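Q: Before I ask anything, here is the structure I am working with.
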Amino acid sequence: MGLAVDSPWYISEYEILVRLLVAVLLGGLIGLEREQSNHAAGLRTNILVCLGSCLLMLLSVYGFSAFVNEGNVRLDPARLAAQVITGIGFLGAGVILFTGKTITGLTTAATLWVVSAIGLAIGAGFVYAAVFATVLVLITLWALNKLEKRFLSGKKEHLLIIRAAEQDVILETVSKLLTERNIVIRKASVVDHADKETMMPDYMVRMKVTLPGGGSQWQLMDEIKRLEGVRAVSME
């Protein structure tokens, strides 16, 4: 016995195709932004996550419609959806990296989680909510990222490492340069790395600094590299 067209358990082949294509489109838009930012989970990953979530939601809601009229069968449309969220947790954990100093990949993991939610929403028929959520995700990833780099980058500490031939001179000149650029020195240390064979002096200066809003790391490194006695400079 077939289901009536107006039944909540019925969906046409055309509607299935439309929802799957919308999932590919919305997942692709978010994936494209991630791809342009050179993140681990890019275009294909986000498309597959959104498409797979949509398909599983369609299966959860409509895939067992043949058993609706069975008296001893109870359908739970949310059961497979709940398992999708758990599965995405494992996938997101794979893109989070702990380097010993910093943790990267949290935004990418969160993006995959939201993309899966968008796919589930499309599969359940909440296309408007999925589209609006996609717009908000793109605003968050692109627009807010620009604002963060422009106005909040100075709130983050950077590790400035300088190798120089003379300790006193380099400390004085570097400190003067940083003060002129309104760069705050949080912590500083000097380590003697003199070559035991040549006996050439070599000092490593490590400073934790906070750049002002809009400050360029590359410009600062270039200015320090030009100082007399500086052999190498890096910033993390």
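Q: When ranked by the protection proxy of mean other Cβ atoms within 10 Å per residue, highest first, what sequence do the peptides 180-189, 84-93 form?
A: Put in order of decreasing packing, that is 84-93, 180-189.
Q: Then there is this: Sort the following peptides by mean Cβ neighbour count (other Cβ atoms within 10 Å, averaged over residues), highest first: 113-122, 44-53.
A: 113-122, 44-53
Q: Read phi for every residue in the range 21-28 and hand back ³J(HN,Hα) as whole Hz from Karplus 6.51 cos²θ - 1.76 cosθ + 1.60, θ = phi - 60°, with x for Gly and Pro.
A: Whole-Hz 3J(HN,Hα) from phi for the range 21-28: 5, 5, 4, 4, 5, 5, x, x.
Q: Testing the spin-label approximation: label points 7 Å from Cα along Cα→Cβ at residue 179 and residue 143. State their distance in nm.
A: Between residue 179 and residue 143, the label points sit 4.3 nm apart.
Q: Amide H to amide H under 5 Å from residue 184: which residues, 5+ apart in sequence or cross-chain, H placed 1.01 Å off N in plane?
A: 210
Since every read-out is calculated from the coordinates, none of them should be taken as a lab result. Just so we're clear, the structure is a prediction, and the values are computed from it rather than from any experiment. Reconstructed Cβ throughout: ideal geometry from the backbone, glycine too, with neighbour counts over all protein chains shown.
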